[in-house]
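See structure below.
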Number of protein chains: 2
Amino acid sequence: MPLFGGIEAGGTKFVCVVGSGPTRILARERFPTTTPQETLARVVDFFRPYADDLQALGVGSFGPVDLHPDSPTHGFITTTPKPGWQHTNVKGFLEDALHVPVMFETDVNAAAWGEHRWGAAQDVDTFVYVTVGTGIGGGAVVNGRLVHGLVHPEMGHMRVPHDWEADPFQGTCPFHGDCLEGLAAGPALAARWGMRGELLPDDHPAWDLEARYLGLAVANLVCVLSPQRIILGGGVMRRTTLFPRIRRVVQDVLAGYVRDPALEEQIEAYIVPPALGDDAGVLGALALAMDAPSQD
Amino acid sequence: MPLFGGIEAGGTKFVCVVGSGPTRILARERFPTTTPQETLARVVDFFRPYADDLQALGVGSFGPVDLHPDSPTHGFITTTPKPGWQHTNVKGFLEDALHVPVMFETDVNAAAWGEHRWGAAQDVDTFVYVTVGTGIGGGAVVNGRLVHGLVHPEMGHMRVPHDWEADPFQGTCPFHGDCLEGLAAGPALAARWGMRGELLPDDHPAWDLEARYLGLAVANLVCVLSPQRIILGGGVMRRTTLFPRIRRVVQDVLAGYVRDPALEEQIEAYIVPPALGDDAGVLGALALAMDAPSQD
């Protein structure tokens, strides 16, 4: 029986599954991200019993990563600040150990692909998946294919208007200060308000400000990519009150200029949470493995 | 001999060519945009003598336009503010009159396609073409295909940080005020400084401010789309001193976060003017006609 593997390679945890679809998962394991040697050895141990039937592995990895097929460091995690993980050949190591082809992607591109295959973006071919958590990242599918381009998108680092008078907070991004991630990721919420976002009540002004920045970013995505849907996931988006507020900001900011029912009366079906929830990453990695030929 | 037609359908002028490539143009004509009836009749008159050999027409049109192949108004100019042109069936009219298939695109997508076929983006498959003139518009090619998505990109209307203290100008966009177009298109230059941009000397502070807004926008495009090249055309970009200034702003704003030689020592080959110059639009329309099958 042909089997496939999915690996969500996160900065704090790895999740592995083996199977052939979201309802056909034979095994699943989750462990903390320690050293590359130890962590990747656990990955190999997990898949080894299935090696005879394994057709391909998909990896959705924290980054930055090298996605250029022609590059000598293709499939590496490259200049990450995470200690010990700089220049780690994830793809090569797994291919050598398990003798299967490995599809290597950014974590957000994998999650986007999972939502395209089995989740909230099955009926569209151009969409964006954004995760808002410890950081902000985005993956994009355009005309049915993942976007890599020069490196890979880094949507979290776009600049949006920052009203210094209303919000004198200078931002937490070590590179940019008040880029989107610096203003609106989890650590920015915590630093601005002096407590973790989970502890802030729904009626705290934090959430209107958060919706303002995320709404400005979504409006910019609409202007640049004209996506047919925008999926917002990640820890911060568990605060469901953000969805209606972000939708309002997007309509406000676009001000009727981009005309489509999706941005007007159907906006609740346009800006949505991931249908696969927290499994978008690992199932997306599995989907990449299953769709391997169409990704080359 | 198989011939193709290209039509740059602009809000102030139409340009038509017939031929089979930029060095094989048999005829070319340019006339002002008056009423749809009169203007489209002139287009038909231009192509009629070649009708027997004409394989396809490409149109790069001012907008907004309907690009959905399944829509009953596919190929229409839709809700344009241009008097008389609302809901004009450009594609249908030309197909009926000339009995050839018509490829219908936004003006900036056509120009992008022209640069991809014969210009500054022949060696890449993911790039952006932005024109800065009376308005600001952008077209994108991702993985070798034009981006339509929900409607089509409207890159000129993205929001970028606006330092109200340094630049109290409120912007000229009737929809958004200080979106990119409202801050940096030709009319914004003229309104802010009290004279047409062409009259402002190179050492006028206008140009650093202009480069700041355009650089912020380019940096956002890098974050969202990860293009392999960015082409900046249009009347405002004839001020060539903008190019080195914009490149510096982009590097400043990205602050080394997105690592690639294209953004570092090779940035002069990354942010470039259109190789086809003012012909990008009409030659791009011609290229769309010649590539017709691959666009479906």
field: DSSP beta bridge pairing in chain A, given as percent antiparallel to the nearest 5
entry: 55 percent
task: For chain A, find the longest principal axis of its Cα atoms and tell me its angle to the long axis of helix A:280-290, 0 to 90°, nearest 10.
output: 40 degrees
- line: Between B:Ser61 and residues 5 or more places away or on another chain, the pairs with built amide H atoms under 5 Å apart involve B:Ala9, B:Glu105, B:Thr106, B:Asp107
- prompt: Once the Cα atoms of the range A:120-273 are picked out, what are the Rg and Dmax in Å?
  reply: 14.9, 43
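If you place +1 on the Cβ of every Lys and Arg, -1 on the Cβ of every Asp and Glu, and leave all else neutral, what size is the dipole of chain B about its Cα centre, to the nearest 20 Debye?
Working: 21 positive and 35 negative charges, 64 e Å.
It works out to roughly 300 debye.
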Cα-based reach from A:Lys82 at 27 Å (exclusive), listing lysines while leaving out same-chain residues under 8 positions away: A:Lys13, A:Lys91
message: Net charge within 11 Å of A:Gln170 by Cβ-Cβ distance, Lys/Arg positive one each and Asp/Glu negative one each, not counting A:Gln170 itself?
response: -1
- request: Amide H neighbours of B:Val132 under 5 Å, at least 5 residues apart or on other chains, H built in the peptide plane: list them.
  value: B:Gly233, B:Gly234, B:Gly235, B:Val236, B:Met237
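In percent, how large is the relative contact order of the range B:120-273, given Cα pairs closer than 8 Å and 6 or more residues apart?
Values: 238 pairs, mean separation 39.6, N = 154.
Here the relative contact order equals 26 percent.
Test of the criteria: in the range B:176-219, which trypsin sites (Lys or Arg not before Pro) are in a DSSP loop and have at most 14 other Cβ atoms within 10 angstrom of their Cβ?
B:Arg196
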field: At least 10 Å² of accessible area lost relative to the chain alone, listed for the range A:173-209 with a 1.4 Å probe
entry: A:Phe175, A:His176
query: For B:Glu198, what is the net charge nearby, where nearby means another residue's Cβ is under 10 Å from its Cβ and Lys, Arg count +1, Asp, Glu -1?
result: +3
- prompt: If you roll a 1.4 Å probe over the heavy atoms of the protein chains, what accessible area per residue do you get for the protein assembly as shown, in Å²?
  reply: 40 Å²
message: Give me the extension gain from A:Asp45 to A:Asp260: residue separation times 0.36 nm, minus the current Cα-Cα distance, reported in nm with one decimal.
response: 72.4 nm
task: Quickly estimate the mean residue ellipticity at 222 nm for the protein assembly as shown, helices only: each DSSP H run with n ≥ 4 gives -39500 (n - 2.57), and the total goes over all residues, rounded to 500.
output: -9500 deg cm²/dmol
query: Label-to-label distances across copies for B:Gly144, with labels 7 Å out along Cα→Cβ, in nm, shortest first?
result: 1.4
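What part of the accessible area of chain A, given as a whole %, is carbon or sulfur when the probe is 1.4 angstrom? Intermediate values should be presented prior to the final figure.
Details: 6040 of 11730 Å².
It is 51 percent, rounded to a whole number.
Only bridges whose two residues both fall in the range A:120-273 count here: according to DSSP, what percent of them are antiparallel, nearest 5? Numbers along the way, then the final one.
Values: 9 of 16 bridges.
In the range A:120-273, approximately 55 percent of DSSP beta bridges are antiparallel ones.
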statement: Residues meeting the amide H criterion for A:Leu26 (H placed from the backbone, H to H distance under 5 Å, 5 or more places apart or on another chain) are A:Val18, A:Gly19, A:Ser20
statement: Accessible-area loss of at least 30 Å² in the complex relative to the chain alone (1.4 Å probe) applies, within the range A:151-171, to A:Val151, A:Glu154, A:His157, A:Met158, A:Arg159, A:Pro161
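When DSSP beta bridges are limited to those with both residues in the protein assembly as shown, what percentage is antiparallel, rounded to the nearest 5? Show your work: numbers first, answer last.
On the way: 50 of 88 bridges.
The antiparallel fraction comes to roughly 55 percent.
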- prompt: For the range B:22-38, in order, what is each residue's ³J(HN,Hα) by Karplus, 6.51 cos²θ - 1.76 cosθ + 1.60 with θ = phi - 60°, in whole Hz (x at glycine and Pro)?
  reply: x, 9, 10, 9, 7, 7, 8, 8, 9, 8, x, 7, 10, 7, x, 4, 5
- line: In the range B:228-244, accessible area falls by at least 10 Å² from chain alone to full assembly (1.4 Å probe) for B:Gln228
message: Please report the accessible area of B:Phe169 (heavy atoms, 1.4 Å probe, ligands and nucleic acids excluded) in Å², nearest 10.
response: 40 Å²
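How big is the B/A interface in buried accessible area, both sides summed, 1.4 Å probe, to the nearest 100 Å²?
Working: alone 13610 and 13590 Å², together 23480 Å².
Summing both sides, the interface buries roughly 3700 Å².
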- request: Please determine, in degrees from 0 to 90 and to the nearest 10, the orientation of helix B:107-118 with respect to the longest principal axis defined by the Cα atoms of chain B, where the helix direction is its Cα long axis.
  value: 90 degrees
message: Using all alpha carbons of the protein assembly as shown, what is the percent of pairwise distances in each 10 Å bin, ordered from the shortest bin to the longest?
response: 3, 17, 26, 25, 17, 8, 2, 0
- prompt: What's the local net charge at B:Asp260, with K and R +1, D and E -1, over the other residues with C-beta under 15 Å away?
  reply: -3
³J(HN,Hα) computed for each position of the range A:229-245 - Karplus, 6.51 cos²θ - 1.76 cosθ + 1.60, integer Hz, glycine/proline x: 7, 10, 9, 10, x, x, x, 5, 6, 5, 6, 5, 4, 5, 4, x, 5
Residue-wise HN-Hα coupling along the range A:129-146, computed from phi with Karplus coefficients 6.51, -1.76, 1.60 (Hz; x: Gly, Pro): 10, 10, 10, 10, x, 4, x, 10, x, x, x, 9, 10, 10, 6, x, 10, 5
- prompt: What angle do you read, to the nearest 10 degrees and between 0 and 90, between the alpha-carbon axis of helix B:205-225 and the longest principal axis of chain B?
  reply: 70 degrees
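What is the packing order of peptides B:99-109, A:242-252, taking the mean over residues of other C-beta atoms within 10 Å and listing the highest first? Walk me through the numbers before you get to the answer.
Values: B:99-109: 23.4, A:242-252: 18.6.
Most protected by this proxy first, the peptides run B:99-109, A:242-252.
Go ahead and run the numbers for FRET between A:His68 and A:Asp123, Cβ-Cβ distance against an R0 of 35 Å, rounding to 0.05. If you can, show how the numbers build up before the last one.
On the way: r = 31 Å, r/R0 = 0.89.
Efficiency, rounded to the nearest 0.05: 0.70.
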message: From the C-alpha coordinates alone, can you work out the Kirkwood hydrodynamic radius of chain B, in Å?
response: 19.6 Å
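The values are calculated or read from the model by the stated rules, or taken from the named source; none is laboratory data. These numbers come from a predicted model, not from an experiment. Counting neighbours? That spans all protein chains shown, and the Cβs are built from the backbone with ideal geometry, glycine included. Just so you know, the surface numbers come from the protein's heavy atoms only, side chains and all, with ligands and any DNA or RNA stripped out. Shrake-Rupley method; radii C 1.70, N 1.55, O 1.52, S 1.80 Å.
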